[in-house]
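To keep things clear, I will list the structure first and then write my remarks on it.
The values are calculated or read from the model by the stated rules, or taken from the named source; none is laboratory data. Here the structure is a predicted model, which is why all the values come from computation and not from measurement. Using ideal geometry, Cβ is built from the backbone for each residue, glycine included, and neighbour counts are taken over all protein chains shown. Note: accessible area is taken over every heavy atom of the protein model, side chains too, but ligands, DNA and RNA are not part of it. Shrake-Rupley method; radii C 1.70, N 1.55, O 1.52, S 1.80 Å.
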Amino acid sequence: MQPRNNDVFTPSQLNTLARDLLEGSFPAIWVEAELGSVARPASGHLYFTLKDARAQLRAAMFRMKAQYLKFVPREGMRVLVRGKVTLYDARGEYQMVLDHMEEAGEGALRRAFEELKARLEAEGLFDPARKRQMPAHVQRLAVITSPTGAAVRDVLSVLGRRFPLLEVDLLPTLVQGATAAAQITRLLQAADASGRYDVILLTRGGGSLEDLWAFNDEALARAIAASGTPVVSAVGHETDFSLSDFAADLRAPTPSVAAELLVPDQRDLALRLRRNAARMVQLQRHAMQQAMQRADRALLRLNAQSPQARLDLLRRRQLDLGRRLHAAHNQQQERRAARLRHAAAVLRGHHPQRQMEALRRRLAALGGRPQAALQRLLQRDALRLRGLARSLEAVSPLATVARGYSIVTRADDGALVRRIEQVQPGDALQVRVGDGVIDVQVTAVK
């Protein structure tokens with residue numbers, strides 16, 4: 001039986017179908033295995049096998065992802081990887097392309113840390129709104145840490161240098177191991193219940209995630225969140241984070257920084273005290289000056305309130321009011337007299353005899369005005385006529401002839417000759433000059 005054409009595949013078609021089937025069936029998955037045949041060519045990509053006791057799987061991690069690895073992959077190393085299952089079409093090889101790889105032991109702890117952190121964060125255990133404020137001045141401090149570690153030496157050294165007056169109680173405990181978290185939790189709860197301390201400091205030096213695991217305990221994180229005493233967490237180095245850091249009221253990147261955050265520098269305090277003392281002296285001097293000024297004003301007021309001073313003041317006011325009343329009376333009399341004088345002048349101006357005299361004078365003044373106006377009109381018209389005559393004379397052809405020019409016209413029709421084309425030899429012309437007319441005949445035209 002022969003197959004139909006649509007049932008026959010090429011190798012590339014079959015590999016493509018297989019690849020699509022693999023990629024569609026498997027999302028990004030996690031695999032824990034041992035590395036084998038690790039190769040890193042010049043391109044920066046990583047090629048290796050993932051294997052266990054019974055099988056192996058080809059895998060690749062391309063340069064864009066491989067450059068962020070925090071360790072150097074080596075053969076025999078146990079790793080935890082994440083990626084997609086696919087098929088390399090050109091060779092028909094089944095493989096896994098990775099986007100993440102970490103060492104297997106720490107990776108498991110990291111996943112547990114992230115899961116617990118997410119759960120506690122969802123409960124609101126790390127909410128900034130519930131965190132307590134640090135006291136402005138710490139008088140008693142409880143330090144929960146290993147008594148032999150470098151962290152306690154750093155903390156005590158910084159505290160002694162910056163603020164020797166601080167009372168520090170060291171509460172020794174294990175900071176690593178199976179029982180460390182329970183010990184730290186009991187000490188924290190006891191220190192909080194005592195009510196003795198202003199702040200509780202949890203601290204230890206740096207280490208791996210496994211070394212710091214005691215501070216990722218759920219019971220410890222809940223005890224920190226429930227503490228009535230503010231808690232400061234300074235665990236590991238600046239890049240290390242633990243659940244106690246998130247639950248604490250203040251997280252410090254290192255033990256030394258925690259000590260610096262908790263207490264002021266004694267040199268700064270001494271400088272502040274000197275400034276405050278100088279300010280207090282200045283304020284006292286200012287207050288004394290104000291008090292003396294108030295006393296002087298009170299004495300002046302007291303002197304002003306004596307009976308003799310009050311009588312003198314009333315006498316002066318009486319004299320002043322009398323002068324003002326007399327001046328006001330005089331001004332009023334002057335205004336009335338001025339109004340009377342003005343009214344009398346107005347009445348005199350409107351007397352009938354005065355009005356008749358004014359009209360008589362006006363009539364006499366108007367008597368000669370028509371003749372004078374006529375004379376001025378005649379003079380103006382004469383000036384205009386003389387001006388027009390001068391204008392006409394200026395544009396008259398006779399005026400032009402009088403200046404030495406002549407006017408040539410044809411004798412037969414009187415037409416003015418302006419161009420030589422208007423005359424021919426033998427034509428009779430008349431030439432007007434200043435004192436008469438000359439008859440001429442054309443002999444030639446040039």
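Ranked from largest, the principal axis spans of the Cα set of region 1-92 equal 57, 31, 23 Å.
Treating the beta-carbon of each Lys and Arg as +1 and of each Asp and Glu as -1, no other charges, what is the dipole magnitude of region 112-191 about its Cα centre, to the nearest 20 debye?
280 debye
Would you please give the FRET efficiency between ALA287 and MET134, computed as 1/(1 + (r/R0)^6) with r the Cβ-Cβ distance and R0 = 35 Å, to the nearest 0.05? That gives a FRET efficiency of 0.50. For the peptides 333-346, 135-148, residues were scored by their other Cβ atoms within 10 Å and the scores averaged per peptide; the highest-first order is 135-148, 333-346.
The charge dipole of the chain, taken about its Cα centre with unit charges on the Cβ atoms of Lys, Arg (+1), Asp and Glu (-1) only, comes to about 5820 debye. Please give the per residue accessible area of the chain, computed with a probe of 1.4 Å over protein heavy atoms only, in Å². Heavy-atom accessible area per residue stands at 69 Å². Net length available on complete extension from LEU57 to ARG110 is 16.6 nm, with 0.36 nm assigned per residue and the Cα-Cα distance removed.
The Cβ shell under 12 Å around LEU347 holds other residues with a net charge of +3, Lys and Arg each +1, Asp and Glu each -1.
Of all beta bridges that DSSP places with both ends in region 1-96, some 90 percent have antiparallel geometry.
Derived scalar couplings between HN and Hα for region 274-286 equal 5, 5, 5, 5, 5, 5, 5, 4, 4, 5, 5, 4, 5 Hz in order, rounded to whole Hz, by the Karplus curve 6.51 cos²θ - 1.76 cosθ + 1.60 (θ = phi - 60°), x for Gly and Pro. Note on region 76-229: Cα-Cα pairs beyond 20 Å make up 62% of the total pair count.
Restricting attention to the chain, close to 65% of DSSP beta bridges with both partner residues there are antiparallel. Look at the alpha carbon pairs under 8 Å that are at least 6 residues apart: their mean separation over the length of the chain gives a relative contact order of 8 percent.
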